[in-house]
Each structure stands twice: as structure tokens, then as C-alpha cells.
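J.: Quick one: the structure is below, and I'll ask about it shortly.
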Amino acid sequence: MNHSDQGEAHPGRPETLKAVPVRHPGRWAGAVVVAVLAAMLLHALIFNPAFQWDVVNTYLFDSSIVHGLGVTLELTALSMIMGVAGGIILAVMRLSPNPLLSGTAWFYIWVFRGTPVLVQLVFWNFMGALWPKLSIGIPFGPEFWSESTNTLIPVFTAALLGLGLNEAAYMAEIVRGGIQSVDEGQTEAAHALGMSRFATMRRIILPQAMRVIIPPTGNETISMLKTTSLVSVIALEELFRAGQNIYSRTFQTIPLLITVSLWYLFLTSVLTIGQYYVERYYARGTTRTLPPTPMQRVRRMFAGKPTPKADHDVVPGLEGGGHV
Amino acid sequence: MTDLTKTPTDSVPGEPMVRAEGVRKSYGLVEVLKGIDLEVRPREVFCLIGPSGSGKSTFLRCINHLEKINGGLLSVDGELVGYRRKGDRLYELRDREVALKRRDIGMVFQRFNLFPHMTAIENVIEAPVQVKGESKADARERGMALLERVGLSDKAKSYPSQLSGGQQQRVAIARALAMKPKLMLFDEPTSALDPELVGEVLDVMRGLAEEGMTMIVVTHEMGFAREVGDALVFMDGGVVVESGNPREVLTNPQHERTRSFLSKVL
């Protein structure tokens with residue numbers, strides 16, 4: 001009705017009307033304010049001599065920093081692998097109808113989530129004080145094999161156990177949430193086809209749960225990368241400890257903290273990009289078409305094809321043509 | 001024509017495909033099945049109708065042990081569902097044994113329940129490969145034939161989200177058939193579909209019936225029951241109210257409750 005009214009008011013054809021998108025003057029004003037603030041910050045960063053950018057530059061690729069970086073990466077990767085694998089096992093155990101399994105998982109999560117990871121790290125490191133020897137044998141009977149605890153659990157292993165076992169408790173809750181987000185009908189359909197509980201979990205439920213599990217796991221990985229700095233307390237020379245070692249010698253505390261921070265920032269940025277692509281992979285089948293990745297957008301731009309965007313030119317009257 | 005194909009099956013003697021004797025099922029204090037007795041013969045299309053909450057879907061789900069019965073006996077092809085009988089005792093089967101029996105019983109759900117992370121053909125070959133250990137190539141070849149049969153060979157590489165409801169349900173039927181079942185259970189297969197898509201699913205089911213598949217169909221499609229059904233049961237409040245030949249029951253119901261239900265749906 002409205003369309004035909006407009007058609008009468010303007011003698012031209014209704015197709016020539018142009019729809020104007022909403023203007024956002026507030027955004028422009030805000031952008032100016034942010035730009036000024038950013039310039040001030042940049043100025044302060046560059047021209048305050050206390051930051052000692054030349055020192056930052058000297059140590060950025062220093063061999064002990066790079067070595068520490070390697071340890072940090074190794075520790076992050078291994079403890080996340082341990083955390084994810086352990087988390088999946090614990091989550092499946094918690095959801096099991098077997099009360100022994102679900103009870104054990106509940107207890108594990110209760111202990112490892114209920115105490116600070118820093119305390120757990122120190123505990124693993126001082127395991128030798130609790131039990132100087134670890135052995136394999138018959139419970140309360142003879143031993144077949146034994147070894148000193150400190151040999152069995154060197155400082156890197158202690159750090160890995162502390163971080164990995166703690167992470168497993170958190171991942172268990174994330175995985176459980178993911179599993180429970182999958183529709184009950186999926187389990188029924190798989191069971192009706194004769195699939196076992198294990199096959200149903202591995203082939204049907206977990207791949208779908210991944211969509212819910214991946215984003216928080218990405219966060220956990222980024223968080224883990226930074227949490228590894230805690231193992232400096234048990235004297236494992238990772239990235240932060242390497243920085244500490246240098247500034248305790250040279251007293252150039254601030255520039256070394258910046259050096260270390262730059263590395264952490266760089267690594268978390270890389271992980272964020274990785275997370276984006278992993279999420280895309282697990283989103284397949286849930287949306288009809290995936291939006292293009294930033295890289296695809298850039299390529300398309302140079303190829304001269306316009307990226308699909310919301311229509312600016314609405315042509316009123318076309319869809320209502322039948323009513324006029 | 002329908003009557004011609006049906007006449008011999010009506011008179012087929014022998015073991016029933018499904019036999020229920022006094023089947024009871026309750027959720028907590030609520031008893032949803034209050035003693036169901038019925039028999040489904042091989043090659044028969046057996047329709048279950050009734051108002052929602054009458055227990056018809058629950059009964060269907062008991063047949064492949066998705067629901068555990070609390071009383072009575074239920075057997076498929078001469079074997080008890082979910083239990084083994086030794087003397088006068090029933091021993092519950094292990095998950096593995098239950099899964100083994102489910103291979104022979106296909107099920108189609110109201111909400112399709114296709115695996116959304118797999119394409120149509122992957123949905124179809126999943127169980128043959130994972131459960132029966134068929135080679136992927138063989139399963140794929142048979143799977144393509146099944147998709148062809150439900151009219152969807154061109155959609156093999158589509159994900160469920162890219163298919164219409166009717167297409168999804170046809171893939172779901174192909175997926176169930178891939179296990180070469182001897183019995184097919186349909187749980188309101190057209191209730192979640194747009195009216196214009198109902199026909200394509202019913203056509204596939206009609207084809208199956210003509211090939212002699214034993215089918216138990218929970219449905220609100222009275223036209224289908226009348227045309228394709230060999231037997232029909234009207235359930236209400238967890239009991240079988242009336243049963244018989246669909247054409248007779250639907251045109252000349254004997255019970256008041258059947259009459260009032262049919263007057264609302266026909």
C-alpha cells in the first residue's frame with residue numbers, strides 16, 4: 001500500500017528511489033577521540049627513555065630468551081595435549097552410567113580445580129620430599145622396581161604434570177558442556193543403527209561437540225601460554241624466567257619485561273589466527289555457506305570481484321509490484 | 001492395485017516379526033504403556049495411530065530397546081528385545097548385544113536426526129562401515145544406489161543443512177536401509193514436514209511397502225494408513241483400544257474413543 005502511495009507522490013518510476021543507509025556520526029567523533037589517545041600513548045611509549053627500546057631490541061633475539069621461548073612453547077603444547085586428552089577421558093567418565101567412573105572423575109576434578117595451579121606446581125616439584133622413592137610392586141607386598149622420585153620427576157616433568165593435570169580438570173568441564181550440547185536424537189539415531197556407545201561418542205557426538213569445545217579450548221591454550229610463566233617459581237628456565245635471569249644481572253627490568261611481553265603478544269596473536277581456522281573447520285555442515293576468510297577477501301579484492309555485502313540500493317516497488 | 005499386492009501378505013502364516021504380550025512401561029509413577037498385546041506379521045505394514053501422549057511412539061521405541069520395558073514380553077523375529085530368557089528368569093543384555101540386535105531394525109525419526117557434520121552419502125555409509133566393517137568403496141556404491149532409490153543421487157555431497165525437510169527424511173530412510181534391516185520403524189516420519197513435502201516421503205515408504213518390507217508406522221497420515229496399511233491399531237491412554245484392517249477401522253470404527261479421534265483428524 002505504502003509503495004503505491006509513494007508511486008503517486010513521485011511521478012517517476014518507483015524503481016528509481018534510492019534507500020539511504022543509517023548514518024553514524026557518533027562513530028566518526030569516537031574515532032577522532034581514539035586516534036588522539038592512541039597518538040598520546042605512542043608518543044609516551046617512544047619518547048620516555050625509561051623504556052629503553054634499544055635494550056629491548058638487543059635482547060629480543062638473545063639466545064637465552066629464544067631458548068626460554070622454546071621451552072615455553074614446548075610446555076604449552078605438551079600440557080595442552082595432556083589437558084585435552086585427559087579432559088576428554090574425564091568428561092566421558094563423568095557422563096558414564098558407571099558410578100565408579102563418574103565418581104572418580106568427579107573427585108579428580110574437585111581436587112585439581114579446587115587448588116591453585118601454583119600450589120600444584122610446587123607440590124609436584126617437592127614430590128621427592130613426600131615420597132623419596134617410587135616403586136612398582138604388589139600393593140603392601142614386595143617391590144619389583146624402584147627409582148628415586150627426583151630422578152623420575154625432573155623439573156620439566158614436574159612443570160608438565162602440574163600444568164597438564166590441572167588443565168585436564170578444566171578441559172573436562174569444557175568437553176562435558178560440549179557433549180551435552182549435542183542433541184539427544186543424535187545418540188538415539190546412532191544407537192538405532194547399531195553403533196556402540198564408544199563409536200557413537202567418537203564418530204557422532206565428539207565431532208559435533210567440537211564446535212562448542214574449540215572456542216574455549218583456544219582460550220585455554222592462550223591462557224596456558226601465559227600460565228607457563230608460573231613455572232619460573234620452580235626454576236625452570238622458560239621465557240619469563242629467562243628474562244628474569246637477565247634483568248637480575250643487568251637491572252634493566254622494564255625493557256626485559258617488554259621484551260618478554262612482546263613475545264607473549266606475538267605468540268597469542270598467532271594462536272588466535274590458528275583458532276579462527278580450526279573453528280571454521282568444525283563449523284562445516286552447520287551453516288549453509290561460510291563467510292570468506294580475511295585472506296580470501298584480500299585475494300578477491302585483487303581479483304576485482306566485489307565481496308558480497310549488504311545491499312545498498314534497495315529497489316522498493318519491485319517485490320510489491322503485484323499489489324500496485 | 002493396492003489390494004492385489006496386499007492379499008497374499010494378509011494370509012502369510014508363521015512366526016510374527018514382532019510380538020508384544022502385556023508390555024508395560026512407566027516413567028517414575030506415570031505408566032505410559034499399560035499392557036500392550038499385538039502381533040506384526042512379516043511383510044506387513046502396521047500402522048499405529050492415536051492422540052499424542054497415547055504411548056504409540058514409546059511403544060515403537062521399546063521395539064529397538066531405546067526404551068526399556070518394565071513388564072511383559074516383547075520379541076522381534078522370535079528373540080526377546082533387551083533380555084535373554086533362561087528358565088523363568090530374564091537376564092538383561094549387555095550394550096554390545098543390544099547393539100547387535102539393533103542392526104536388523106531400521107528406525108526413522110520425526111526430527112530426521114541426520115548427522116549434521118556428514119554429507120548425505122557419509123550419513124548413509126557411516127553404520128555399514130563402522131558397525132559391519134564394510135569397505136568404504138562397497139558401502140559407497142550401495143549407498144549411492146540407495147540415494148538413487150530415494151531420488152537424491154544428485155544430493156550425495158550435500159550436508160543436511162543444505163537439504164529440505166523432505167530430502168533430509170529421505171536420506172534418513174536411505175541411511176536406515178543401508179543396514180539391510182528386516183524391520184523398519186517409522187516414528188511420525190512426516191509430522192515435522194511442510195505439507196507440500198509430505199508426499200515425497202510417503203512415496204518412498206509406499207515403494208518400500210510394495211517391495212515387502214515389514215514396517216511399523218506411527219503416523220497421523222490416515223490416507224497412507226488406509227491405502228498402504230495392512231493392519232492398524234488405535235491406541236489411547238497406554239492401551240490398544242481398537243485394531244483391525246485399516247480400511248474397516250477408519251471407515252467404521254467400533255469404539256466411541258476411536259470415533260471421536262477420527263472425527264477430529266479425518
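The values are calculated or read from the model by the stated rules, or taken from the named source; none is laboratory data. Predicted model, so just to flag it, every value in this text is computed and none were measured. Using ideal geometry, Cβ is built from the backbone for each residue, glycine included, and neighbour counts are taken over all protein chains shown.
J.: Can you give me the number of residues within segment B:77-91 that are within 13 Å of chain A (Cβ to nearest Cβ) and loosely packed, with under 13 Cβ neighbours inside 10 Å?
T.: Number of matching residues: 0.
J.: Does segment B:116-141 hold any residues that are within 27 Å of B:Leu163 (Cβ to Cβ) and assigned to a loop (DSSP other than H, G, I, E, B), and which are they? Step through it out loud before you land on a result.
T.: Residues of segment B:116-141 within 27 Å of B:Leu163 (Cβ to Cβ): B:116-132, B:134-141.
B:Pro116, B:His117, B:Met118, B:Thr119, B:Val131, B:Lys132, B:Glu134, B:Ser135, listed by residue number.
J.: To continue, here is another question. Scanning segment B:100-131 for residues that are aromatic (Phe, Trp, Tyr) and in contact (Cβ under 8 Å) with a residue 60 or more places away in the chain, which turns out farthest from B:Val76 (Cα to Cα)?
T.: The first filter runs over segment B:100-131 and keeps only residues aromatic (Phe, Trp, Tyr), leaving B:109, B:112, B:115.
The next check asks that each one be in contact (Cβ under 8 Å) with a residue 60 or more places away in the chain; those that pass are B:109, B:112.
Numbers: B:Phe109: 19, B:Phe112: 24 Å.
If we take residues in segment B:100-131 being aromatic (Phe, Trp, Tyr) and in contact (Cβ under 8 Å) with a residue 60 or more places away in the chain, then B:Phe112 is farthest from B:Val76 (Cα to Cα).
J.: Identify, by number, the condition in (1) at pLDDT below 90; (2) crowded, with 17+ Cβ neighbours inside 10 Å; (3) within 14 Å of another protein chain (Cβ to nearest Cβ) that A:Gln275 doesn't meet.
T.: For A:Gln275, the failing item is (3).
J.: Return a yes/no flag: does segment B:146-158 have any residue that is touching a Phe, Trp or Tyr at 6+ places or on another chain (Cβ under 8 Å) and not small (Gly, Ala, Ser).
T.: Restricting attention to segment B:146-158, the residues satisfying the condition of being touching a Phe, Trp or Tyr at 6+ places or on another chain (Cβ under 8 Å) are none.
No, segment B:146-158 contains no residue that is touching a Phe, Trp or Tyr at 6+ places or on another chain (Cβ under 8 Å) and not small (Gly, Ala, Ser).
J.: I've got another one for you. Tell me, please, whether a residue that is of a type outside the set (Phe, Trp, Tyr), under 25 Å from B:Ala120 (Cβ atoms) and buried (at least 18 other Cβ atoms within 10 Å of the Cβ) can be found in segment B:251-262. Please lay out each step first, then the result.
T.: Of the residues in segment B:251-262, the ones of a type outside the set (Phe, Trp, Tyr) are B:251-260, B:262.
When the remaining residues are screened for being under 25 Å from B:Ala120 (Cβ atoms), the result is none.
Within segment B:251-262, not a single residue is of a type outside the set (Phe, Trp, Tyr), under 25 Å from B:Ala120 (Cβ atoms) and buried (at least 18 other Cβ atoms within 10 Å of the Cβ).
J.: Test B:Glu134 against the criterion of being without any contact (Cβ under 8 Å) to a residue 12 or more places away in the chain, within 14 Å of chain A (Cβ to nearest Cβ) and more than 23 Å from A:Arg211 (Cβ to Cβ), and give yes or no.
T.: Values: without any contact (Cβ under 8 Å) to a residue 12 or more places away in the chain: yes; within 14 Å of chain A (Cβ to nearest Cβ): yes; more than 23 Å from A:Arg211 (Cβ to Cβ): yes.
Against the criterion (without any contact (Cβ under 8 Å) to a residue 12 or more places away in the chain, within 14 Å of chain A (Cβ to nearest Cβ) and more than 23 Å from A:Arg211 (Cβ to Cβ)), B:Glu134 qualifies.
J.: Got at least one residue in segment B:64-79 being in contact (Cβ under 8 Å) with a residue 60 or more places away in the chain and within 21 Å of B:Glu31 (Cα to Cα)? It would help to see each step written out before you state the result.
T.: The first filter runs over segment B:64-79 and keeps only residues in contact (Cβ under 8 Å) with a residue 60 or more places away in the chain, leaving B:64, B:76-78.
From what is left, the residues that are within 21 Å of B:Glu31 (Cα to Cα) are B:64.
For segment B:64-79, residues in contact (Cβ under 8 Å) with a residue 60 or more places away in the chain and within 21 Å of B:Glu31 (Cα to Cα): present.
J.: Within segment B:181-192, is even one residue without any contact (Cβ under 8 Å) to a residue 12 or more places away in the chain and not aliphatic (A, V, I, L, M)? So that I can check it myself, show each step before the final result.
T.: To start, the set of residues in segment B:181-192 that are without any contact (Cβ under 8 Å) to a residue 12 or more places away in the chain comprises none.
Checked segment B:181-192: no residue is without any contact (Cβ under 8 Å) to a residue 12 or more places away in the chain and not aliphatic (A, V, I, L, M).
J.: Quick check on B:Gly151: is it at positive phi, part of a loop (DSSP other than H, G, I, E, B) and away from chain A (no Cβ under 14 Å)? Talk me through it step by step, then tell me what you get.
T.: Values: at positive phi: yes; part of a loop (DSSP other than H, G, I, E, B): yes; away from chain A (no Cβ under 14 Å): yes.
For B:Gly151, the condition - at positive phi, part of a loop (DSSP other than H, G, I, E, B) and away from chain A (no Cβ under 14 Å) - is met.
J.: Given the criteria more than 25 Å from B:Thr219 (Cβ to Cβ) and of a type in the set (A, V, I, L, M, F, W, C), does B:Val76 qualify?
T.: Working: more than 25 Å from B:Thr219 (Cβ to Cβ): no; of a type in the set (A, V, I, L, M, F, W, C): yes.
Against the criterion (more than 25 Å from B:Thr219 (Cβ to Cβ) and of a type in the set (A, V, I, L, M, F, W, C)), B:Val76 does not qualify.
J.: A:Gly322 passes all but one of (1) part of a loop (DSSP other than H, G, I, E, B); (2) at pLDDT below 75; which number fails?
T.: Going through (1) part of a loop (DSSP other than H, G, I, E, B); (2) at pLDDT below 75 one by one, A:Gly322 breaks only (1).
J.: Just to verify a result, which residue in segment A:201-211, among those that are at the interface with chain B (Cβ under 9 Å from one of its Cβ atoms) and touching a residue at least 40 places away in the same chain (Cβ under 8 Å), is surrounded by the fewest Cβ atoms within 10 Å (Cβ to Cβ)?
T.: Restricting to residues being at the interface with chain B (Cβ under 9 Å from one of its Cβ atoms) and touching a residue at least 40 places away in the same chain (Cβ under 8 Å), the top hit is A:Pro207.
J.: In segment A:226-249, is there at least one residue being farther than 30 Å from B:Asp95 by Cα and touching a strand residue (DSSP E or B) at 6+ places or on another chain (Cβ under 7 Å)?
T.: Within segment A:226-249, the first condition is being farther than 30 Å from B:Asp95 by Cα, and the residues that meet it are A:226-249.
After this cut, where a residue has to be touching a strand residue (DSSP E or B) at 6+ places or on another chain (Cβ under 7 Å) as well, the list is none.
The answer is no; no qualifying residue exists.
J.: Quick one: B:Lys157 ticks every box in (1) more than 19 Å from B:Leu208 (Cβ to Cβ); (2) in contact (Cβ under 8 Å) with a residue 24 or more places away in the chain; (3) more than 9 Å from chain A (Cβ to nearest Cβ); (4) assigned to a helix (DSSP H, G or I) except a single one, so which number is it?
T.: Going through the list (1) more than 19 Å from B:Leu208 (Cβ to Cβ); (2) in contact (Cβ under 8 Å) with a residue 24 or more places away in the chain; (3) more than 9 Å from chain A (Cβ to nearest Cβ); (4) assigned to a helix (DSSP H, G or I), B:Lys157 breaks only (4).
J.: Something else now. At least 3 residues that are in contact with a Pro (Cβ under 7 Å, 6 or more places away or on another chain) in each: list the strands (runs of 3 or more DSSP E) lying fully within segment B:4-115 that qualify. So that I can check it myself, show each step before the final result.
T.: On the way: elements: B:18-27, B:30-40, B:45-49, B:71-76, B:83-86, B:89-92, B:105-108.
Qualifying strands (runs of 3 or more DSSP E): B:105-108.
J.: Specify which of the listed residues (A:Val155, A:Val233, A:Val175) is touching a residue at least 12 places away in the same chain (Cβ under 8 Å) and more than 24 Å from A:Val119 (Cβ to Cβ).
T.: On the way: A:Val155 fails: more than 24 Å from A:Val119 (Cβ to Cβ); A:Val233 fails: more than 24 Å from A:Val119 (Cβ to Cβ).
Step by step, each of A:Val155, A:Val233, A:Val175 is checked, and only A:Val175 is touching a residue at least 12 places away in the same chain (Cβ under 8 Å) and more than 24 Å from A:Val119 (Cβ to Cβ).
J.: So is A:Phe198 at pLDDT below 95, under 30 Å from B:Val81 (Cβ atoms) and either among the hydroxyl-bearing types (Ser, Thr, Tyr) or surrounded by fewer than 19 Cβ atoms within 10 Å (Cβ to Cβ) (or both) or not? Before you say what the answer is, go through the steps one by one.
T.: Values: at pLDDT below 95: yes; under 30 Å from B:Val81 (Cβ atoms): yes; either among the hydroxyl-bearing types (Ser, Thr, Tyr) or surrounded by fewer than 19 Cβ atoms within 10 Å (Cβ to Cβ) (or both): yes.
For A:Phe198, the condition - at pLDDT below 95, under 30 Å from B:Val81 (Cβ atoms) and either among the hydroxyl-bearing types (Ser, Thr, Tyr) or surrounded by fewer than 19 Cβ atoms within 10 Å (Cβ to Cβ) (or both) - is met.
J.: Determine which member of the set B:Ile63, B:Ile125, B:Ile36, B:Ile105 is aliphatic (A, V, I, L, M) and farther than 30 Å from B:Thr258 by Cβ. Give the steps one after another, and end with the answer.
T.: Working: B:Ile63 fails: farther than 30 Å from B:Thr258 by Cβ; B:Ile36 fails: farther than 30 Å from B:Thr258 by Cβ; B:Ile105 fails: farther than 30 Å from B:Thr258 by Cβ.
Just one listed residue meets the conditions, B:Ile125.
J.: Please go through segment A:22-74 and pick out each residue that is in contact (Cβ under 8 Å) with a residue 60 or more places away in the chain, among the small types (Gly, Ala, Ser) and over 30 Å from A:Leu163 (Cα atoms).
T.: A:Ala50
J.: Right, here's the next one. From (1) surrounded by 16 or more Cβ atoms within 10 Å (Cβ to Cβ); (2) within 29 Å of the chain's Cα centre (by Cα); (3) closer than 24 Å to A:Ile258 by Cα, pick out the condition that doesn't hold for A:Val55.
T.: Against the list (1) surrounded by 16 or more Cβ atoms within 10 Å (Cβ to Cβ); (2) within 29 Å of the chain's Cα centre (by Cα); (3) closer than 24 Å to A:Ile258 by Cα, A:Val55 comes up short only on (2).
J.: Looking for whichever is free of Cβ contacts under 8 Å to residues at least 40 places away in the same chain, within 22 Å of B:Met107 (Cα to Cα) and small (Gly, Ala, Ser) here; the options are B:Gly223, B:Gly238, B:Gly212, B:Gly207. Which one fits? Even if it seems obvious, please write down each step before you answer.
T.: Working: B:Gly238 fails: free of Cβ contacts under 8 Å to residues at least 40 places away in the same chain; B:Gly212 fails: free of Cβ contacts under 8 Å to residues at least 40 places away in the same chain; B:Gly207 fails: free of Cβ contacts under 8 Å to residues at least 40 places away in the same chain.
The unique qualifying residue is B:Gly223.
J.: May I pose another question? Among the residues of segment B:160-211, how many are among the aliphatic types (A, V, I, L, M), within 18 Å of B:Arg142 (Cα to Cα) and more than 14 Å from chain A (Cβ to nearest Cβ)?
T.: Kept after step one, since they are among the aliphatic types (A, V, I, L, M), are these residues of segment B:160-211: B:163, B:171-174, B:176-179, B:183-185, B:192-193, B:197-198, B:201-202, B:204-205, B:208-209.
Checking the rest, the ones that are also within 18 Å of B:Arg142 (Cα to Cα) come to B:171-174, B:176-179, B:204, B:208.
Subsequent filtering for residues that are more than 14 Å from chain A (Cβ to nearest Cβ) retains B:204, B:208.
The number of residues fulfilling the criteria is 2.
J.: Right, something else. Can you tell which of B:Asn123, B:Asn64, B:Asn113 is facing another protein chain (nearest Cβ under 8 Å), modelled with pLDDT of 95 or more and closer than 27 Å to B:Met205 by Cα?
T.: B:Asn113
J.: Considering only segment A:95-200, give the helices (runs of 4 or more DSSP H) lying wholly within it that have at least 1 residues that are within 14 Å of chain B (Cβ to nearest Cβ) and more than 32 Å from the chain's Cα centre (by Cα). Talk me through it step by step, then tell me what you get.
T.: On the way: elements: A:99-114, A:117-125, A:127-130, A:149-152, A:155-181, A:184-192.
Of the helices (runs of 4 or more DSSP H) lying wholly inside segment A:95-200, those with at least 1 residues that are within 14 Å of chain B (Cβ to nearest Cβ) and more than 32 Å from the chain's Cα centre (by Cα) span A:184-192.
J.: Out of the helices (runs of 4 or more DSSP H) lying entirely within segment B:165-265, which hold 1 or more residues that are touching a helix residue (DSSP H, G or I) at 6+ places or on another chain (Cβ under 9 Å) and hydroxyl-bearing (Ser, Thr, Tyr)?
T.: Numbers: elements: B:165-177, B:195-210, B:222-228, B:246-251, B:256-265.
Ranges flagged: B:246-251, B:256-265.
J.: Just give me the residues in segment A:251-262 being touching a residue at least 24 places away in the same chain (Cβ under 8 Å) and part of a helix (DSSP H, G or I), in sequence order.
T.: Quick first cut of segment A:251-262, residues touching a residue at least 24 places away in the same chain (Cβ under 8 Å) only: A:252, A:254-256, A:258-260, A:262.
Scanning segment A:251-262 gives A:Ile254, A:Pro255, A:Leu256, A:Ile258, A:Thr259, A:Val260, A:Leu262.
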